[in-house]
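For reference, the structure discussed in these notes is given below.
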Amino acid sequence: MTASVVTLRGVAKCFDGRLAVDGVNLDVPAGSCFGLLGPNGAGKTTTLRMVYGVTQPSAGEIRVFGVDVARDARAVRSRLGVTLQENSLIEPLSPEDNLRIFGRYHLLAEPELSRRVEELMDFLELRSHAGVPVRNLSGGFQRRLSIAMSLMNRPELLILDEPTTGLDPAVRQALWARIRELQAEGTTILLTTHYMDEAERLCDRVAVFAEGRVESEGSPRDLIARHLAAETLELECDEATEAALLSDSGELRKMRAGNRLMVYVDDAASLLERVHGLGGTARPVVRPTNLEDVFLAITGTRIEEAEE
Amino acid sequence: MTISAPHALSVWKRNASMYARTWKLNLLPNFFEPVFYLMAIGVGVGAYIEEMGGVSYVQFLAPGLICVAAMNGASFEVTYNIYVRMSFENVYEAMLTTPVQPDDVLTGEVLWAVTRATIYGGVFFLVIALYGLAPMPGALLALPVVPLTGLLFAMIGVTYTLRVPTMDFFSFYFTLFLTPLFLFSDVFFPIEERLGGVWLLVAEVLPLLHPVRLARSCFSGTLGWISLWDVAYIVGVSFALFGWARRAVGARLIS
Ligand SMILES: Nc1ncnc2c1ncn2[C@@H]1O[C@H](COP(=O)(O)OP(=O)(O)OP(=O)(O)O)[C@@H](O)[C@H]1O
Ligand SMILES: [Mg+2]
């Protein structure tokens, strides 16, 4: 077994009498890409904040690089990098100046500081607007700059809180490539995302949070196999049609979002035939079951459930 | 938690880099402000005043105004500016992803406020010296009073800022605290001639009184035992508040 870079044991966090994180155990293996998934308010950001020591757990223990974060946050933070959920950039200054100032928090001095700034401007393709005030740059550019800043100290552990939210497909692809490169160089990655395709593509392991607890954990493939059948048949149908369609199919996992029904089966062929028998409006699609299905199966499809 | 000087300095440098970009714009009003005060009150009002504290009114006014400039420089920095950095720009949230600790943030910010106060007060001193209102070389002794004033008001202000829930509270700080201090701390008239008995002792709690009295003693060459008390007050209050602010900044930045 490989060593864990991050270990959480029985970690809980209480805000004003409400548990935001509730008894979490996690092991992030060295060199892996680990994803925290879960609906809004599930406790992902709070968990990350406890890992780098700006939120103190109400109970439990967190070790990063084998060091107790509560004891020596400074030592832990010198070896990791964090991209916050919300960018925090100095808007009147250029990307280059932002990087330079951030590097000083890590006590980087010349010539190392300049060398690192240059490297990261190349790595995240910031050179085209290196001297433009940050406030005039696109969201994708600002996000790349934020990620570059979290790499200033060549972190062994990179924490990314929703790195690609709000970015266009090209920028997302480019960032995924960079994240994979970093992982190939040995960086351990701990990220959160609301995009299941992103998690499936990048993460070796994921943990699905709901209401502060880890509901399920494993590789995306294992999680799918553990929770749902391999194929998904999606169709439009009302509840009466559903009852007729599935009346003699036995126990099947299924999920409904409005008029859209998803049925999980090992082999969709026979069911698909019956759907065709219904005629016209069902518009069926058969596809492999993915992480999004699992996410919804675990955390629910209704918005109220997710909120409270 | 211990304070790390290099990390505190990196916080100071962040603010210094920002200021360096706009220093020309920032410094220009600094030159005019003292000129206006000296003209309107020193020369204008002063024309109707024979003498005050044994010197001409404009000479009486000059050292106190230097301290006021330092007070203002520090106060804006540790109130509005720190609050914006803390609550709107998430500057400290980003710093705390690095080895910088809350104590370093506090120390760096206070150092920067002292720097800003020194720039303000220093420019004021320069203008006053150019007017020939600073008796040399004795007045030079007043120069260290400028950063001391900055330190005192940086600490008072940051202590307040770490307590307030919203930015609206700063108008109280400026109009109900700094403005009366400005008017009643020996800057415009010698309070020892206006107040009697126990009130004179009560007035000793006024923070601005001490730097003003100190600077004036330097200008008039009358440093004495009371000057020692003034220094002790400034340093003592600053350090006591620093201890308190260290606990408050930890609670504010770490949840
Ligand atoms: N400083 C705080 N004070 C009080 N409650 C907080 C604080 N920080 C977080 N919470 C609460 O803790 C819960 C978990 O929040 P958290 O930000 O960790 O969720 P998240 O999984 O990151 O959500 P999102 O996907 O929306 O980013 C929420 O109910 C949130 O309101
Ligand atoms: Mg979050």
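The values are calculated or read from the model by the stated rules, or taken from the named source; none is laboratory data. Quick caveat, the model's predicted, so the values are computed rather than measured. Heads up, the Cβs are rebuilt from the backbone with ideal geometry, glycines too, and the neighbour counts pull from every protein chain shown. Please note that ligands, DNA and RNA were not included when accessible areas were found on the heavy atoms of the full protein model with its side chains. Shrake-Rupley method; radii C 1.70, N 1.55, O 1.52, S 1.80 Å.
Observations on the structure shown:
- 17 Å reach of a label modelled at A:A75, 7 Å along Cα-to-Cβ, counting backbone N of region B:94-115: B:99-101
- Rg/Rh (Cα only; Kirkwood hydrodynamic radius) as it applies to region A:4-218: 0.96
- Compared with the rule-of-thumb size 2.2 N^0.38 Å for a compact globular protein, region B:54-103 has a Cα radius of gyration ratio of 1.88.
- Label-zone membership for region A:194-229, site A:E251, 7 angstrom Cα→C-beta point, backbone N under 16 Å: A:226-229
- Ellipticity at 222 nm from helices only: DSSP H runs of n ≥ 4 in chain B, each -39500 (n - 2.57), divided by the residue count, give -21500 deg cm²/dmol.
- Shielding value for A:102-114 is 4, the average number of Cβ atoms from other chains within 10 Å of each residue's Cβ.
- Of the trypsin sites (Lys or Arg not before Pro) in region A:6-74, the ones in a loop by DSSP (not H, G, I, E or B) with at most 16 other beta carbons within 10 Å are A:R71.
- Database remark: amide H of A:T187 closer than 5 angstrom to no amide H (H placed geometrically; neighbours at sequence offset of 5 or more, or on other chains; Pro and chain starts carry no H).
- If the segment from A:R9 to A:E119 were pulled out straight at 0.36 nm per residue, it would be longer than the present Cα-Cα gap by 35.9 nm.
- Rounded to whole numbers, the Karplus 3J(HN,Hα) couplings from phi for region A:36-42 are 9, 10, x, x, 3, x, 6 Hz, using 6.51 cos²θ - 1.76 cosθ + 1.60 with θ = phi - 60°, and x at Gly and Pro.
- Alpha-carbon Debye profile of region A:225-306, log10 I(q)/I(0) at 0.15, 0.24 Å⁻¹: -0.51, -1.26
- Region B:50-125 and region A:201-228 have their alpha-carbon centroids 52 Å apart.
- Of all lysines in the structure, those lying under 27 Å Cα to Cα from A:K13, and not within fewer than 8 positions of it along the same chain, are A:K44.
- J(HN,Hα) series, region A:218-234, from Karplus relation 6.51 cos²θ - 1.76 cosθ + 1.60, nearest Hz, glycine and proline x: x, 6, x, 5, 4, 4, 5, 4, 6, 9, 9, 6, 6, 10, 10, 10, 9
- What the Cβ-Cβ distance of A:R180 and B:W23 gives, at R0 = 41 Å and to the nearest 0.05, is a FRET efficiency of 0.40.
- Stokes-Einstein diffusion of region B:102-255 at 37 °C, 0.692 mPa s viscosity, Kirkwood radius from Cα pairs, rounded to a whole number: 195 µm²/s.
- Around the Cα centre of the protein assembly as shown, unit charges on the Cβ atoms of Lys, Arg, Asp and Glu (plus for the first two, minus for the last two) sum to a dipole of about 1560 debye.
- With every protein chain in place, the protein assembly as shown: carbon and sulfur % of accessible area (1.4 Å): 59 percent
- Inter-chain neighbour count for A:61-74: the average number of beta-carbon atoms from partner chains within 10 Å of each residue's beta-carbon is 1.
- Distant-in-sequence amide H partners of A:V206 (H built 1.01 Å from N, under 5 Å): A:G35, A:G218, A:S219
- Taking amide H atoms as placed 1.01 Å from N in the peptide plane, the amide H of A:D22 lies under 5 Å from those of A:K13, A:R213, each 5 or more residues away in sequence or on another chain.
- Sorted largest first, extent of region A:1-89 alpha carbons per principal axis (Å): 34, 34, 25
- The GNM of chain A, with springs linking C-alpha atoms under 10 angstrom apart, assigns the highest mean-square fluctuation among A:V171, A:V206, A:V11 to A:V171.
- R0 of 60 Å, Cβ-Cβ distance B:L201-A:E242: FRET efficiency to nearest 0.05: 0.10
- Rounded to the nearest 100, the interface formed by chains A and B buries 2300 square angstrom of accessible surface, both chains summed, with a 1.4 Å probe.
- Calculated over the protein assembly as shown: convex hull of Cα atoms, volume per residue (Å³): 195 Å³
- Among the GluC sites (Glu not before Pro) in region A:87-186, those placed in a DSSP loop whose Cβ has at most 15 other Cβ atoms within 10 Å are A:E125, A:E185.
- Average other protein chain Cβ within 10 Å of Cβ, residues A:49-57: 3
- Each residue of region B:191-197 was assigned a 3J(HN,Hα) from its phi angle through the Karplus expression (A = 6.51, B = -1.76, C = 1.60, θ = phi - 60°), giving 5, 5, 8, 9, 9, x, x Hz with x at Gly and Pro.
- Where the Cα pairs of region B:1-154 fall when distances are cut into 5 Å bins, in %: 2, 9, 16, 18, 17, 12, 9, 7, 5, 3, 1, 0, 0
- Taking a straight line from the alpha carbon of B:K24, these lysines sit under 20 Å away, with near neighbours fewer than eight places off in the same chain left out: B:K13.
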